[in-house]
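Trainee: Here it is, the structure, as structure tokens.
The values are calculated or read from the model by the stated rules, or taken from the named source; none is laboratory data. Source: prediction; values computed, not measured. Using ideal geometry, Cβ is built from the backbone for each residue, glycine included, and neighbour counts are taken over all protein chains shown.
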Amino acid sequence: MSFLRWVAGYTLCDRVRSSVIREELRVESLLLRIERSQLRWLGHLIRMPPGHLPLGVFQARPTGTTPGFVLGPTEGIISPSWPGSSLGSPEFIWRKLQGTGSSGILCSPNYYHDPIWTSASIHTIEMINDSGFLPGIQLGYLMCDPCAYATKAVQCVADMLMDGWMLYYTYTKRVSSYLNISTFSLQVSCSSSAAALSDKLRYTSFFRVIPSNIYQSQALAKLMRHFNWDWIGVVSLDDDYGKGIYENFVRHAEKERICFDFDEVIPNYNNVKQRIQEVADIIRNATARVVVLFLRIQQVEMLFEEMIKTNTSRTWIASNAWSMSRLLMKMKGINKVGDIIGTTFITGKIPGFEDYLQNLRPRPGARNDLIMEYKQMRFNCSQQSQHTSPLACNVTDPQEANDDYLLQAVDVTEAYSQRVAVHAVAHAMKKLLQCNDTACSGDTNFMSYKVKIGCDNIQPHFQKSWDTNGYDVMMWKQKGDEKVCEVVGKFFIKNGDVEISEHKIHWTNSTVPWSRCSKPCPPGTEKSISSISCCYNCTNCNEGFYSNETDQDTCKQCPEGFWSLPGSRECQKWSIWFLEWSAAYSIVVMIGTVIGALLLVFSFIFYILHREKPIIKGILVISCLMKFGLMVSFGGVILFLGSPNIHVCRAQQTMYGLGFTLCVSCILVKALHIFLELMSCNPTKQRELRKFDKPFVIIGILTAIQALICIFWMVFDPVNVEEKQSKTQLLTLNRLCTQGFMYGFGAMHVYIALLAVVCFGLAFKGRDDETDPIVFSMLIHLFAWLCFIPVFITQYESRPIVQISGIMVSNYGVIFCHFAPKWFKILSERSETLKAGKAPVASLTNDSDSGVVCRSTPQSRFSFAESDPSNWDISSLYPSEVSAASFRHRRQRSQRSRRSL
């Protein structure tokens with residue numbers, strides 16, 4: 001037997017090293033059989049949701065030829081026996097191991113959770129047997145309590161092979177002979193939630209009626225996110241349950257952006273008091289106010305005792321292992337630890353189970369050590385403890401006494417999955433054995449893989465079918481000095497979300513506990529993540545972005561047509577700016593344009609009325625062309641006002657370019673004519689120079705060149721309309737005309753400036769009263785644009801205003817330099833008429849170096865009034881007295897020059 005025990009210990013320890021099996025040894029029953037020096041691992045029955053039977057394949061792989069079937073519940077094995085067997089009525093055996101052995105582990109007298117689950121299995125089996133659900137067939141069981149310790153489970157299994165169990169050898173042998181236990185490999189669990197058990201390649205015949213820990217981890221992470229807890233602490237147990245759920249929780253926490261302030265592990269053995277104290281100190285000193293406990297009831301109880309000693313209050317997140325523990329709810333000072341919220345499997349009521357617990361007694365001919373030990377502890381007057389009944393000393397036979405103590409110690413609704421699992425297998429067997437209300441006609445000699453569970457020929461995947469149930473969200477509420485548990489929400493696996501009934505939640509301080517690494521970012525800001533994803537700074541949203549909620553990860557972009565300032569909570573509709581007709585500057589421009597146009601009209605009428613005057617007679621046509629060009633230029637100014645479009649933008653630039661070019665071309669013709677008259681004293685040379693003095697041809701050519709520039713500009717680099725954000729008013733779009741790449745715009749203005757420079761040069765060369773209007777008007781134009789162009793380039797928003805101002809200054813410069821002086825001279829002309837004989841018009845040229853003065857002959861005179869432009873005379877350009885005065889002035893200057901020589 002020592003050899004067998006060594007084999008059992010060695011094999012089980014090897015399996016315990018598997019993360020899954022260690023968890024299964026917590027409360028799961030084991031049945032082993034020595035066969036050819038090997039141990040076979042058998043049976044699990046865990047939890048089902050209330051009110052359902054599993055719809056799916058439930059079968060085991062055939063491993064032999066002898067038919068048989070064994071079902072293992074929590075803490076034991078359920079074995080059916082067939083009609084005609086020598087078993088007769090079922091025997092009930094419960095063995096609770098109290099020996100310390102090598103493990104040194106004792107079952108706690110306070111730990112009733114798993115035994116009551118097992119009692120639910122026993123009760124369900126008895127109800128099935130009593131009801132005749134399987135006519136002629138009764139189910140039996142063999143159970144062992146590992147007290148929720150993996151090492152205790154190894155001892156329990158090894159002890160099953162010791163001599164002490166030979167007392168039941170006949171029973172076990174008969175069960176084995178009927179069922180051929182060695183061929184069984186079917187397992188149905190109602191409490192094992194390890195995620196690895198979902199791997200059907202490794203665990204082909206393992207089925208369960210509860211969700212996997214993967215979903216519990218997801219539920220807890222969603223619960224953290226629901227309450228905006230992203231800075232938490234985690235304490236887990238160093239066994240498969242703790243490790244498995246912790247690993248899954250870490251993955252889901254990362255998805256929900258939840259960070260860990262601390263992460264501690266408690267070993268899974270008895271002497272952990274020192275480690276519990278260390279963890280308690282870490283929790284007290286940590287900044288996280290929410291702590292998740294992936295522990296079992298015993299470890300949670302010890303940790304809470306440390307918290308109660310120092311009045312440390314936190315928000316505790318409970319896993320399903322202890323979220324329904326009545327033992328913890330009744331701890332002294334439990335209200336000092338703070339709020340407790342967690343998840344548990346969906347629960348339900350077992351019909352008659354409460355009465356069963358209130359009237360515990362073994363069936364006739366059966367043995368149940370658990371009931372016997374419980375009755376001795378509860379009703380033994382000589383051994384007083386905290387669990388001893390007040391009526392203990394009044395009871396003559398403790399084994400016959402009963403009360404409702406177990407109902408108060410444990411929430412019996414948790415055991416509902418035991419009933420569902422047992423009924424699931426019973427229904428499968430009933431279908432396989434073709435049972436009716438009176439008998440089972442099917443062959444009892446069947447292989448275990450033939451046992452199937454399903455309805456209406458539908459056989460979906462067993463685990464997947466039940467993974468859709470989800471969890472209840474439980475909250476512990478204060479009730480006097482204790483706490484009670486209430487369902488406050490649910491987690492639905494199908495949509496992967498938590499639904500909380502907020503009105504059912506009552507926090508200790510009436511507010512949701514705070515457990516975050518950083519303060520939430522207010523609306524108008526976004527998170528600036530540091531090295532830890534949960535720790536961040538809040539930065540204002542950029543222009544064009546907004547955040548209208550608290551604690552947004554990133555700001556949202558404003559929709560088209562809307563904009564926002566930095567740090568905005570909402571977007572505002574763009575305000576469009578252009579030179580509106582009602583604006584003050586527009587009104588000033590319109591008044592200035594109207595005045596300029598009226599002056600041009602007045603000048604035209606004035607010139608017509610005085611066309612016979614010598615000062616006007618020779619320049620009437622040229623002056624009218626100048627007025628027309630200026631009128632077109634003023635018209636272009638009006639187009640700068642109002643909301644622009646592409647046609648208006650093209651017209652405003654073209655009108656100014658062509659209009660003012662026409663005006664400057666006329667001025668250049670005047671300047672050129674004066675320059676040619678004063679260039680040479682030789683009549684023959686003057687006649688040769690007059691060949692180039694073609695006023696209308698020159699005006700036409702110069703204006704046509706500008707027209708070509710504008711055409712090429714509009715074709716290859718067209719103007720357009722754009723809306724650009726204002727630099728001063730960030731919620732305003734400036735709707736302006738663009739000049740493309742500025743090549744056409746620059747060429748147009750450079751060409752006008754070149755003409756103005758030529759005019760200025762020709763006029764400045766003459767340097768007399770006749771050229772002063774030309775000099776000053778061109779200086780005004782060049783100075784205006786030299787001042788305005790830098791502003792035009794740098795101040796995008798002011799471009800229309802700058803260009804309008806430049807055009808207005810240039811136009812008014814021409815009006816007041818060329819036309820206004822003539823109005824004054826004519827209106828102030830002396831009443832006497834000029835003498836009939838005027839001095840001949842002298843055409844002089846002054847050479848500052850030689851001092852030579854040339855005078856033109858009478859043949860050199862010509863007038864603009866004559867039809868032949870080749871015979872035009874400078875005397876017709878200006879009044880005779882002006883020419884005579886100019887001549888006398890030049891003659892005196894020439895004489896002084898000669899004397900100096």
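Trainee: Within segment 239-352, which strands (runs of 3 or more DSSP E) (wholly inside it) include 2 or more residues that are without any contact (Cβ under 8 Å) to a residue 60 or more places away in the chain and outside the structural domain of Ile122 (by TED's automatic domain parsing)?
Mentor: The strands (runs of 3 or more DSSP E) meeting that bar are 259-267, 290-294.
Trainee: Now for a separate question. Let me confirm something: among Gly592, Gly642, Gly636, Gly596, which residue is at positive phi and either surrounded by fewer than 22 Cβ atoms within 10 Å (Cβ to Cβ) or in a helix (DSSP H, G or I) (or both)?
Mentor: The unique qualifying residue is Gly642.
Trainee: Among the residues of segment 447-468, are any surrounded by fewer than 23 Cβ atoms within 10 Å (Cβ to Cβ), assigned to a loop (DSSP other than H, G, I, E, B) and at pLDDT 70 or above?
Mentor: No, there is no match, as no residue in segment 447-468 is surrounded by fewer than 23 Cβ atoms within 10 Å (Cβ to Cβ), assigned to a loop (DSSP other than H, G, I, E, B) and at pLDDT 70 or above.
Trainee: For segment 764-803, enumerate the residues that are under 23 Å from Pro644 (Cβ atoms), buried (at least 16 other Cβ atoms within 10 Å of the Cβ) and of a type in the set (Phe, Trp, Tyr).
Mentor: Listed by number, the residues that qualify are Trp785, Phe788, Phe792.
Trainee: Could you tell me whether Val721 is in a helix (DSSP H, G or I) and either of a type in the set (Val, Ile, Thr) or on the phi > 0 side of the Ramachandran plot (or both)?
Mentor: So Val721 does not fit the description; no.
Trainee: Do the conditions hold for Ile214, that is, is it among the aliphatic types (A, V, I, L, M) and either farther than 30 Å from Asn495 by Cβ or in contact with a His (Cβ under 6 Å, 6 or more places away or on another chain) (or both)?
Mentor: The answer is no for Ile214.
Trainee: Could you figure out which of (1) surrounded by fewer than 24 Cβ atoms within 10 Å (Cβ to Cβ); (2) more than 26 Å from Ile493 (Cβ to Cβ); (3) of a type outside the set (Phe, Trp, Tyr) isn't true of Glu247?
Mentor: So Glu247 meets the others, but not (2).
Trainee: List pairs: first in segment 694-708 and under 14 Å from Ile667 (Cβ atoms), second at pLDDT below 90 and of a type in the set (Lys, Arg), Cβ under 6 Å, 6+ apart or cross-chain?
Mentor: Within 6 Å, no pair qualifies.
Trainee: Also, I was wondering about something else. For segment 720-748, enumerate the residues that are without any contact (Cβ under 8 Å) to a residue 60 or more places away in the chain and surrounded by fewer than 21 Cβ atoms within 10 Å (Cβ to Cβ).
Mentor: Once the filter is applied, which keeps residues that are without any contact (Cβ under 8 Å) to a residue 60 or more places away in the chain and surrounded by fewer than 21 Cβ atoms within 10 Å (Cβ to Cβ), segment 720-748 yields Glu722, Gly740, Phe741, Met742, Tyr743, Gly746, Ala747.
Trainee: Can you name the residue in segment 749-759 that is touching a residue at least 60 places away in the same chain (Cβ under 8 Å) and among the hydrophobic types (A, V, I, L, M, F, W, C) and is also surrounded by the most Cβ atoms within 10 Å (Cβ to Cβ) among such residues?
Mentor: Cys759
Trainee: Can you find a residue in segment 622-639 that is assigned by TED's automatic domain parsing to the domain that holds Val814, in contact with a Ser or Thr (Cβ under 6 Å, 6 or more places away or on another chain) and more than 21 Å from Asn811 (Cβ to Cβ)?
Mentor: no
Trainee: Ok, one more. Quick one: which of Phe578, Phe660 is buried (at least 18 other Cβ atoms within 10 Å of the Cβ) and outside the structural domain of Val721 (by TED's automatic domain parsing)?
Mentor: Exactly one residue qualifies, and that residue is Phe578.
Trainee: Hey, another quick one. If I ask for residues that are of a type in the set (A, V, I, L, M, F, W, C) and surrounded by fewer than 22 Cβ atoms within 10 Å (Cβ to Cβ), which ones from segment 329-343 would you list?
Mentor: Met329, Met331, Ile334
Trainee: Output the residues belonging to segment 305-325 that are of a type outside the set (S, T, N, Q) and buried (at least 23 other Cβ atoms within 10 Å of the Cβ).
Mentor: Across segment 305-325, the qualifying residues are Trp316, Ile317, Ala318, Ala321, Trp322, Met324.
Trainee: Given the condition in a strand (DSSP E or B) and either free of Cβ contacts under 8 Å to residues at least 12 places away in the same chain or in contact with an Asp or Glu (Cβ under 6 Å, 6 or more places away or on another chain) (or both), answer yes or no: does some residue in segment 548-569 qualify?
Mentor: yes
Trainee: Something else now. Within the set of pairs 6 or more residues apart or between chains, which connect a residue that is more than 20 Å from Phe602 (Cα to Cα) inside segment 623-649 to a residue that is basic (Lys, Arg) and modelled with pLDDT of 90 or more with Cβ atoms less than 7 Å apart?
Mentor: Correct list of pairs: Ser643/Arg735; Pro644/Arg735.
Trainee: Search segment 687-709 for residues being more than 20 Å from Met626 (Cα to Cα) and surrounded by 13 or more Cβ atoms within 10 Å (Cβ to Cβ), and hand back the single one that is farthest from the chain's Cα centre (by Cα).
Mentor: Selected residue: Arg687.
Trainee: Continuing with this model, one more query. Could you give me the residue pairs with C-beta distances under 8 Å whose first residue belongs to segment 498-519 and is within 15 Å of Trp476 (Cβ to Cβ) and part of a loop (DSSP other than H, G, I, E, B), whose second residue is acidic (Asp, Glu) and at pLDDT 90 or above wherever it lies, and which are 6+ apart or on separate chains?
Mentor: Every condition considered, the pairs that remain are Trp507/Asp339; Thr508/Asp339; Pro513/Asp339.
Trainee: Moving to a separate point now. I need a count of the residues in segment 494-527 that are surrounded by 17 or more Cβ atoms within 10 Å (Cβ to Cβ) and more than 24 Å from the chain's Cα centre (by Cα).
Mentor: The qualifying residues number 2.
Trainee: Have a look at Val758, Val809 and point out the one that is part of a helix (DSSP H, G or I), under 26 Å from Thr738 (Cα atoms) and in the same structural domain as Ser623 (by TED's automatic domain parsing).
Mentor: Selected residue: Val809, the only one of Val758, Val809 that is part of a helix (DSSP H, G or I), under 26 Å from Thr738 (Cα atoms) and in the same structural domain as Ser623 (by TED's automatic domain parsing).
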